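First the structure, in the form of structure tokens, and then the observations on it.
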Amino acid sequence: MTSDAELIARSLADDTDAFMEVIGRHEVAIGAYLSRRVGRETAEDLLGDVWVAAYSARKTYDPAYPDARPWLYTVAANRLRQHWRSRPPEDLTADVADVAGRSTAWDPWPAVETRVDVRAVIRSALAGLRPAEREVLLLVAGEDLTAAEAARVLDLPAGTARRLLHQARTALRNTPEVAALLKELNSVKENT
């Protein structure tokens, strides 16, 4: 199979179909990444912007890396930053609530629901991480990148990304809610 680097090089030599193949390989992953951060509707709009930006910047791609996915995550992350900067602050709060799937209304019946909402626990624990730790963790755990690839996306030294990943994992394990959840899952596992 032809590497992404070879396809990008061919696209620079006026083979537009080559870049379309790169898009085809990574469209689902990049679209899902955007959707998890801004919601499906906005992600669809941003995804087109990502491909235009990537196509325009393809001459900056380092052909030493055969897989373009980390580079495309970088382009997508930059488009997200531009998107967030262009929005009024009150719009950003609404997006976070929509993406997180949380209701902003007060729930007067917390005792009615007795099961643990794992998503809410994880979401809350992730919100407690420093932004750099959260980004590295989400790229590694959520986007299936290596720590070195996440470092490339975030323009960090690889050692820094590994340190941030370790700190994020440690902080999550030490969050009381996550620790309780892990303890509960382990007891269920032992009983089965």
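The values are calculated or read from the model by the stated rules, or taken from the named source; none is laboratory data. Computed from a predicted model, the values in this text were never measured in an experiment. Here the Cβ positions follow ideal geometry from the backbone for every residue, glycine too, while neighbour counts run over all protein chains shown.
Odds and ends about this structure:
- Any hit, region 16-27, residues being in a helix (DSSP H, G or I) and closer than 28 Å to residue 126 by Cα: yes
- If the condition is being over 10 Å from the mean Cα position of the chain (by Cα) and part of a helix (DSSP H, G or I), then region 32-46 contributes 38, 40, 41, 42, 43, 44, 45, 46.
- In region 137-146 there is no residue matching the filter, namely being of a type in the set (D, E, K, R) and assigned to a helix (DSSP H, G or I).
- Here residue 11 clears all of (1) within 17 Å of the chain's Cα centre (by Cα); (2) crowded, with 20+ Cβ neighbours inside 10 Å except the condition numbered (1).
- Residue list for region 115-134, filter: among the β-branched types (Val, Ile, Thr) and either outside the structural domain of residue 184 (by TED's automatic domain parsing) or modelled with pLDDT of 65 or more (or both): 118, 121, 122
- Single unsatisfied condition, residue 156 versus (1) part of a helix (DSSP H, G or I); (2) surrounded by 16 or more Cβ atoms within 10 Å (Cβ to Cβ): (1)
- Residue 87 being at pLDDT below 90 and either surrounded by fewer than 10 Cβ atoms within 10 Å (Cβ to Cβ) or assigned to a helix (DSSP H, G or I) (or both): no
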